[in-house]
Amino acid sequence: MSNTNNIQGKVILAAAGPGDPELITMKAARYLQSADVVLTDRLVSHEILTQYVNPAAEVIYVGKQCRRGNSTPQETINELMRQFAQQGKLVVRLKGGDVSIFSNILDELQVLVQHTIPYEIVPGVTAALGAAAYAGIPLTARGYSTAVRLLTYYKSDIVPDQYWEELAKTSDTLVFYMSAETVDGIVSKLIRYGIGKDRHIAVIEQGTTTAQQVYSSGIYDFTGRFEGYSFISPSLVIVGRVVTLHEQFAWLANASVREQYFKPMALLQNNINHNKKAHVSRA
Ligand code: SAH
């Protein structure tokens, strides 16, 4: 499989799920076991990388961290993927949540097609589905909501004013990715356009992980309770009548300590190499 120029490599664009390592699919886990190289995002459980990956595989962090620097440029990721595949390797490009939701999969697909590198796409549990399930919020509960919208508001010009008006009026459940730092803006826009008093909001911090915390309230009470609060990344914002169901159906208590589940990249790269060495020497 490795190191032969004549043998065609392959890239598996695989989802790791939102946090809980058991939320990865069997298909992705199976590919990790036979991978030569794993190119991983930051929001992938450490346990997946240390326990599920072929001990002989090279694991490389190519994470991005919105607004916090320390990011791997997309061209570098594309180039690594291409080079390893053209060396005949089985490359798993592992992404947090699902592979296609708010990700750069399109750039990667274009590079693969351009270089006629074979690939597969393995879907996964996106953060909206994982976090909602672990918070006891059925996203389209009968009688509460008939649709879900996956949105983002990481910068203010991304949602025009007419659309805010529609979002304030709709009965659809709204899920905002990459928007924990702008949640005060989401609340004030929705209130400005007259969102109903029956709408609640939840911020789910580090959903499905052992560090999960849910902060929820009526949308009109949110500012008084949580304005300026700094939510730990990654956090997801859910707005809708369905959020009221959290109180009744939450099955997981908030973590007793507030700590970061996904470690910063620099720390991780060292850790992984260290743990994998330990793993190999035990084998
Ligand atoms: N492809 C990913 C999303 C990548 S964008 C997916 O399908 O889930 C990154 C954003 O996803 C974060 O800013 C956050 O809003 C959300 N997210 C990812 N994992 C999360 C988690 N465990 N808990 C809460 N939000 C999460």
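The values are calculated or read from the model by the stated rules, or taken from the named source; none is laboratory data. Here the structure is a predicted model, which is why all the values come from computation and not from measurement. Note that each Cβ is placed from the backbone with ideal geometry, even for glycine, and that neighbours are counted across all protein chains shown.
Summary table below
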quantity	calculated
Residues satisfying the stated conditions in segment 136-165, i.e. in contact (Cβ under 8 Å) with a residue 60 or more places away in the chain and either near the ligand (Cβ under 10 Å from one of its atoms) or under 14 Å from I101 (Cα atoms) (or both)	Y154
Segment 20-58, residues that are surrounded by 18 or more Cβ atoms within 10 Å (Cβ to Cβ) and in a helix (DSSP H, G or I)	P21, L23, A28, A29, Y31, L32, I48, L49, T50, Y52
Any chance P123 is surrounded by fewer than 18 Cβ atoms within 10 Å (Cβ to Cβ), touching an Asp or Glu at 6+ places or on another chain (Cβ under 6 Å) and closer than 21 Å to V91 by Cα	yes
Strands (runs of 3 or more DSSP E) enclosed by segment 90-165 - at least 1 residues per element that are under 30 Å from K10 (Cβ atoms), modelled with pLDDT of 95 or more and not aliphatic (A, V, I, L, M)	90-95, 119-122
Scope segment 166-181; condition within 16 Å of the ligand (Cβ to nearest atom), part of a helix (DSSP H, G or I) and buried (at least 19 other Cβ atoms within 10 Å of the Cβ); matching residues	A180
Some residue of segment 116-124 being without any contact (Cβ under 8 Å) to a residue 40 or more places away in the chain and among the small types (G, A, S)	no
The listed residue being within 16 Å of the ligand (Cβ to nearest atom), of a type outside the set (K, R) and modelled with pLDDT of 95 or more, out of S230, S188	S230
Of the criteria (1) surrounded by 16 or more Cβ atoms within 10 Å (Cβ to Cβ); (2) without any contact (Cβ under 8 Å) to a residue 24 or more places away in the chain; (3) more than 13 Å from the ligand (Cβ to nearest atom); (4) not charged (D, E, K, R), which one I195 fails	(2)
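Each row is one residue, and each column tells you yes or no for (1) of a type in the set (K, R); (2) assigned to a helix (DSSP H, G or I); (3) within 14 Å of the ligand (Cβ to nearest atom); (4) under 20 Å from the mean Cα position of the chain (by Cα).
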residue: V214; (1), (2), (3), (4): no, no, yes, yes
residue: G224; (1), (2), (3), (4): no, yes, no, no
residue: L236; (1), (2), (3), (4): no, no, yes, yes
residue: V242; (1), (2), (3), (4): no, yes, no, no
residue: W251; (1), (2), (3), (4): no, no, no, no
residue: A255; (1), (2), (3), (4): no, no, yes, yes
